[in-house]
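These notes concern the structure reproduced below.
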């Protein structure tokens with residue numbers, strides 16, 4: 001018997017097997033049980049999240065005569081034919097290769113005939129957005145008033161490309177990306193059944209690379225098993241999938257936060273020598289600083305998909321950098337992305353960008369500056385003119401009768417011919433405040449001006 005890939009072997013056959021789309025499966029089951037079936041449905045969402053699988057299960061559920069309402073038995077002739085793709089009454093059409101008006105006219109003519117052995121004749125059109133505009137127009141009348149024995153199920157990854165005249169004639173269901181923990185749970189179940197030994201860390205890397213697609217995750221797991229065999233080490237997963245090592249990402253963010261330019265150059269050297277795509281590394285670096293910023297802004301919202309150990313390191317680096325600096329670094333990376341995208345020497349752009357980020361230094365937000373100003377004001381107001389620092393120098397401004405050093409003022413007085421510097425008494429010299437320089441502005445006036453601007 002030929003080998004069947006995991007994505008096909010573990011394809012859902014009942015609504016309960018569909019992961020992460022409970023809002024859709026429950027609605028369809030209730031519609032079947034109450035007899036409130038629409039004549040046309042459109043399933044939209046990302047790739048590999050269960051659109052076509054749900055369409056097949058729905059077709060089996062409404063044509064199955066032996067199972068309970070909403071639950072196909074997968075034992076009768078109709079269920080077997082639909083599962084194997086041999087059913088005469090359930091036709092799957094590829095919208096990308098059958099996109100012309102002639103194919104739609106043929107479908108419209110065949111829809112008039114009654115089903116051969118099932119209650120309904122069902123048309124599943126995958127990637128329906130690929131149909132031409134004349135083909136959509138030819139389908140409008142049939143879609144609006146179809147025969148009672150015909151059901152249409154459309155699936156697309158780009159719902160916005162489907163004409164609004166088609167959308168308004170269908171019940172629309174939007175599929176979501178599958179959360180990472182649910183993908184990991186399914187992969188663990190598959191590995192247990194297939195007798196494959198792999199740690200949760202390796203499965204998390206596979207699930208993260210799948211980007212919410214269950215089919216992609218199963219395909220990647222199949223690829224990893226083919227490379228490593230029945231026992232998969234965590235170090236083998238990034239090697240076969242070409243995933244950038246998380247250690248390099250953390251080392252890069254740490255070097256930028258600490259301002260260590262030599263470490264940044266060493267990281268770029270490793271990235272280049274290990275054959276990673278520079279642009280992919282740059283995107284991973286942007287995602288890293290996004291995670292750092294999110295860990296400060298919303299630490300308890302579960303917006304970061306990574307292991308607990310990585311979350312602890314993220315939290316440590318984020319607290320070291322501060323929110324203001326993270327925002328500046330992330331904005332800088334976003335602005336410079338176009339330079340990397342169109343350059344013929346991406347390594348040079350990456351090196352100069354990281355060196356520039358290392359020279360940013362520390363930043364305080366405006367709120368932090370105002371807090372420090374408020375603390376300084378309280379200290380100044382609370383101190384009397386007689387209070388001094390530990391070294392004996394006055395903290396406040398000198399009084400108006402403060403006596404300066406004779407050596408500082410004697411030459412000027414002698415040049416005026418009014419005072420003999422050698423015979424003059426230093427106590428007779430008074431330093432008058434220069435109102436033209438100070439403008440009669442005090443420290444309190446400055447603080448009032450600053451706090452007035454901040455309101």
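The values are calculated or read from the model by the stated rules, or taken from the named source; none is laboratory data. Worth saying up front: this structure is predicted, and the values here are computed from it rather than measured. Quick reminder, even Gly has a Cβ in these numbers, built from the backbone with ideal geometry, and neighbours come from all protein chains shown.
Structure values in brief
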item: Qualifying residue in region 116-136 (condition: more than 20 Å from residue 28 (Cα to Cα), in contact (Cβ under 8 Å) with a residue 40 or more places away in the chain and part of a loop (DSSP other than H, G, I, E, B)); result: yes
item: Of all residues making up region 148-171, the number that are touching a strand residue (DSSP E or B) at 6+ places or on another chain (Cβ under 8 Å), surrounded by fewer than 19 Cβ atoms within 10 Å (Cβ to Cβ) and under 20 Å from residue 90 (Cα atoms); result: 2
item: Selection within region 166-184 - assigned to a helix (DSSP H, G or I) and more than 20 Å from the chain's Cα centre (by Cα); result: 166, 167
item: Lone unmet requirement of (1) in contact (Cβ under 8 Å) with a residue 40 or more places away in the chain; (2) crowded, with 17+ Cβ neighbours inside 10 Å; (3) not assigned by TED's automatic domain parsing to the domain that holds residue 128 for residue 184; result: (1)
item: In region 72-94, the residues that are within 24 Å of residue 30 (Cβ to Cβ) and touching a strand residue (DSSP E or B) at 6+ places or on another chain (Cβ under 8 Å); result: 82, 89, 90
item: Only one of 224, 294, 237 that is assigned to a helix (DSSP H, G or I), within 21 Å of the chain's Cα centre (by Cα) and closer than 30 Å to residue 175 by Cβ; result: 294
item: Residue 12, sole failed condition from (1) surrounded by 20 or more Cβ atoms within 10 Å (Cβ to Cβ); (2) in a loop (DSSP other than H, G, I, E, B); result: (1)
item: Index of the failed condition, residue 141 passing every other in (1) out of contact with any helix residue (DSSP H, G or I) (no Cβ under 7 Å at 6 or more places or on another chain); (2) under 21 Å from residue 171 (Cβ atoms); (3) at pLDDT below 90; (4) not in a helix (DSSP H, G or I); result: (4)
item: Failed item in (1) out of contact with any helix residue (DSSP H, G or I) (no Cβ under 8 Å at 6 or more places or on another chain); (2) within 20 Å of residue 201 (Cβ to Cβ); (3) part of a helix (DSSP H, G or I), with residue 269 passing the rest; result: (2)
item: Any pair with Cβ under 9 angstrom, 6 or more apart, that starts in region 9-38 at a residue that is assigned by TED's automatic domain parsing to the domain that holds residue 54 and in contact (Cβ under 8 Å) with a residue 60 or more places away in the chain and ends at one that is assigned to a helix (DSSP H, G or I) and loosely packed, with under 12 Cβ neighbours inside 10 Å; result: 10/189; 10/193
item: Residue within region 149-165 that is touching a helix residue (DSSP H, G or I) at 6+ places or on another chain (Cβ under 9 Å), outside the structural domain of residue 37 (by TED's automatic domain parsing) and in a loop (DSSP other than H, G, I, E, B) present; result: no
item: Hey, residue 333 in a helix (DSSP H, G or I), within 18 Å of the chain's Cα centre (by Cα) and closer than 23 Å to residue 262 by Cβ or not; result: yes
item: Unique residue being in contact (Cβ under 8 Å) with a residue 60 or more places away in the chain and closer than 30 Å to residue 52 by Cβ when the list is 220, 265, 203, 167; result: 167
item: Pairs with Cβ under 7 Å, 6+ apart, first in region 240-255 and more than 17 Å from residue 325 (Cβ to Cβ), second not in a helix (DSSP H, G or I); result: 244/276
